[in-house]
Amino acid sequence: MPYADSEVQRAYFAKRRAVIAAQPKPTLDSKVCVACQVDKPPSDFYRMSTSRDGLQSYCKPCNRSRRRDALIREHGLTPERFAQMVIDQGGKCAICGLSPRRQGTVTWVIDHNHDCCPGETGCGDCVRGLLCNGCNRAMGMFGDDPDALLAAAAYLLVSKGGPK
């Protein structure tokens, strides 16, 4: 992006969108993905208001693959180590034991110790495992605090008539 200042950046893209919107959009019967080099129908591309043809350069499968690979790299993992983690966990969430596909998604969340690497990225050494989105959100809601999670589990057990 040409500008670091967010206000200037917003103005730049607003102007760019206006210029592109004023231009007639080419009628596309197909488009070639820049990654896989396959000629595909426009419906196989996500929309992008700032591009001349109104579509992203990467087809949907290549776009998802690029995003997944970027997330793996951001957490300090190699694609091979990520694949081995999936195998080691049997293709299931490390907490609930369900496959992300069974929960209506195909993505994994890479869980890492935020005390080691604060923020969204990790060093690779602090990765704890692969979680489904629901379990990752639950962990976040409890602030990754084991005592809070144990207290919640005890509460649920008591309310179900289990051990006190």
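All of the numbers you see were taken from the coordinates with simple rules; none came from a lab. All values derive from a computational prediction rather than experimental measurement. Every residue, glycine as well, gets a Cβ built from its backbone with ideal geometry; the counts of neighbours run over all protein chains shown.
Partners of residue 92 within straight-line reach, counting aspartates and glutamates whose Cα lies under 18 Å from its Cα and excluding those fewer than 8 residues away in the same chain: 80, 111. Under 5 Å from the amide H of residue 38 lie the amide H atoms of 33, each residue being 5 or more positions distant or on a separate chain, with H modelled from the backbone and absent for Pro and chain starts. A Förster radius of 25 Å combined with the Cβ-Cβ distance from residue 89 to residue 160 puts the calculated FRET efficiency at roughly 0.35. Considering only alpha-carbon pairs that sit under 8 angstrom and 6 or more positions apart, the relative contact order computed for the chain is 13 percent. Counting only DSSP H runs of at least 4 residues, each contributing -39500 (n - 2.57), and dividing by the residue count of the chain, the helix-based mean residue ellipticity at 222 nm comes to -12500 deg cm²/dmol.
Between residue 37 and residue 114, what's the calculated FRET efficiency when r is the beta-carbon distance and R0 is 35 Å? Round to 0.05. Efficiency for this residue pair is about 0.30. Given [x] 29, 20, 13; [y] 41, 20, 17; [z] 27, 14, 14, which label gives semi-axes √(5λ) of the Cα gyration tensor in Å as computed from the coordinates? Here semi-axes √(5λ) of the Cα gyration tensor in Å agrees with entry [y]. For the chain, a simple Cβ point-charge model (Lys and Arg +1, Asp and Glu -1, everything else neutral) yields a dipole of about 800 debye relative to the Cα centre. Here's how it looks for residue 129: its modeled amide H is under 5 Å from those of 111, which are all 5 or more places away or on a different chain. Straight-line cross-link reach from residue 60 at under 17 Å between alpha-carbon atoms covers these aspartates and glutamates, not counting any fewer than eight positions away in the same chain: 29, 39, 44, 69.
Applying the criteria of a DSSP loop state and at most 16 other Cβ atoms within 10 Å to the trypsin sites (Lys or Arg not before Pro) of segment 7-60 yields 52.
In percent, rounded to a whole number, the relative contact order of segment 6-62 is 30, using alpha-carbon pairs under 8 Å and six or more apart. Classified by the C-alpha gyration tensor, segment 75-159 has an oblate form. Its axis ratio a/c, with a ≥ b ≥ c, is 1.5 or above, and a/b does not exceed b/c. The percentage of C-alpha pairs in segment 6-62 whose separation is greater than 12 Å is 67%. For residue 51 and residue 128, the FRET efficiency from 1/(1 + (r/R0)^6), where r spans their Cβ atoms and R0 equals 45 Å, is about 0.70. Label separation (residue 78 vs residue 149): 2.9 nm, computed from points 7 Å beyond Cα along the C-beta direction.
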